[in-house]
There are 2 protein chains.
Amino acid sequence: MTDATATRPSIAGEQRIDGSDLLGDVEFLVARVRAIGSGHAREALAPFGLRVRAYAVLSLACGSVSPTQRDIADFLQLDPSQVVAVIDSLEASGFVRRAQHPRDRRVNIVEATEQGLATYAEAREAVSRARDRSLGSLSAEERETLTSLLLKVAF
Amino acid sequence: MTDATATRPSIAGEQRIDGSDLLGDVEFLVARVRAIGSGHAREALAPFGLRVRAYAVLSLACGSVSPTQRDIADFLQLDPSQVVAVIDSLEASGFVRRAQHPRDRRVNIVEATEQGLATYAEAREAVSRARDRSLGSLSAEERETLTSLLLKVAF
DNA sequence: GTGAATAGTTGACAACGTCAATTAGTATCC
DNA sequence: GGATACTAATTGACGTTGTCAACTATTCAC
């Protein structure tokens, strides 16, 4: 009776699931870690009226080079139509604006407004704290290692 | 003209996006890696009539202990109603069946059929090859490290 | 200048996530 | 042993996300 599983009806003598092959499956683990992390990030961003997706776009808009919508779609691996929706909402919130490209009238450049920059600075802190919660089981060195390995896979 | 970016209209003298803070953001990287990985997995699983989600459930059903639907929901972090839908489709395909729990008639035990086991064995290989593509930039040792770090975060 | 390609936009549709309510069965507590 | 609380599975609703095709305006290439 020392086992918390005793009250739940599983099969074969109250034996728990073992995850079989999935526990060694990087893709499964990545999906699970993402679910955990984006859940925390979502909570952290809610007070700012931002979702995870919009935060990522705002982050790009706040970078040193204002991106085009196409840049954003490529970088975030989004369909261009999704970028439209996110920027519509960010623009409605007053965080970014669409500006003309100097030499190509097809192109929109997404610039952060003052308000967008200020909000991003705060949101960034909140996300950072959320990250600390998600990665609490890792040492600083492990975090570093994880980041660099993911970076290799991601690009 | 040696630069492939020269044909695409970006801002500030054809300078590319630098990703700003996102490149050091574990959550962003995880999301991106997941998108890449599940894309490959989806392609690999399509010939079997399986989606990524259904493959994960089938994997559990093919494990040493047949799970209950509740076990599956907990392990995959799904709402119980989503499990219903996935098992409905797996059952319609003849890959699993719902069996009675010996001591609790509320509970369904999800068992793989012969066909389910056979299909899983093949699908597993296909997923493994897809994984090799996704993780091609990592050495075997790095893959091992990545897996164990993700495991620490995931559970 | 004509034809091919690209940026952004709109709309449609399936898949996914979340939540509330229902039904059937089991456990608890008096 | 009977009322009460809890749990497993299911259904249905609703908003979000992912994917795709089509369209317009503009630029590029020959």
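Just a few scattered comments:
- Residue-level result for chain B: its Cβ closest to the axis carrying B onto A, with that distance in Å, is B:ARG34, 2.
- Between copies, A:HIS101 shows label-point distances of 5.9 nm, shortest first, with the point placed 7 angstrom from Cα along Cα to C-beta.
- A:ARG34 sits among other residues whose Cβ lies under 11 Å from its own Cβ, and their net charge, with Lys and Arg +1 and Asp and Glu -1, is +1.
- Cα centroid separation - the range B:45-59 against the range A:26-97, whole Å: 28 Å
- Shortest-first nm distances, B:SER139 label point to equivalent points in other copies (7 Å, Cα→Cβ): 2.0
- Nonlocal amide H pairs with A:VAL96, under 5 Å, H built at 1.01 Å: A:GLU91, A:THR113
- In the protein assembly as shown, helices alone account for a calculated mean residue ellipticity at 222 nm of -18500 deg cm²/dmol, with every DSSP H run of four or more residues adding -39,500 (n - 2.57).
- Taking max minus min of the alpha-carbon positions on each principal axis, chain B gives extents of 70, 32, 31 Å, largest first.
- Local net charge near A:LYS152, Cβ-Cβ under 11 Å (Lys/Arg +1, Asp/Glu -1): 0
- Per residue, the convex hull volume that the Cα atoms of the range A:96-155 enclose (Å³): 130 Å³
- Helix A:52-61 vs. chain A, principal-axis angle (Cα, 0 to 90°, nearest 10): 40 degrees
- The range B:20-155, accessible surface, carbon-and-sulfur percent (1.4 angstrom probe): 48 percent
- When you filter the trypsin sites (Lys or Arg not before Pro) in the range A:65-155 for DSSP loop state and at most 12 other Cβ atoms inside 10 Å of their Cβ, you are left with A:ARG103, A:ARG105, A:ARG106.
- Across the options B:ALA44, A:LEU138, B:ALA140, the greatest Cα extent toward the positive end of the charge dipole of the protein assembly as shown (unit charges at beta carbon of Lys, Arg, Asp, Glu) belongs to B:ALA44.
- For B:GLY49, the label point sits 7 Å beyond Cα toward Cβ; its separations from the matching points on the remaining copies run 4.9 nm, from shortest to longest.
- Cα gyration tensor of the protein assembly as shown - equivalent ellipsoid semi-axes, whole Å, descending: 41, 21, 19
- Once the Cα atoms are used to define both axes, helix B:26-45 deviates from the longest principal axis of chain B by about 60 degrees.
The values are calculated or read from the model by the stated rules, or taken from the named source; none is laboratory data. Fair warning: this is a prediction, and the values are worked out from it, not measured in the lab. We place every Cβ from the backbone using ideal geometry, glycine too, and count neighbours over all the protein chains shown. Please note that ligands, DNA and RNA were not included when accessible areas were found on the heavy atoms of the full protein model with its side chains. Shrake-Rupley method; radii C 1.70, N 1.55, O 1.52, S 1.80 Å.
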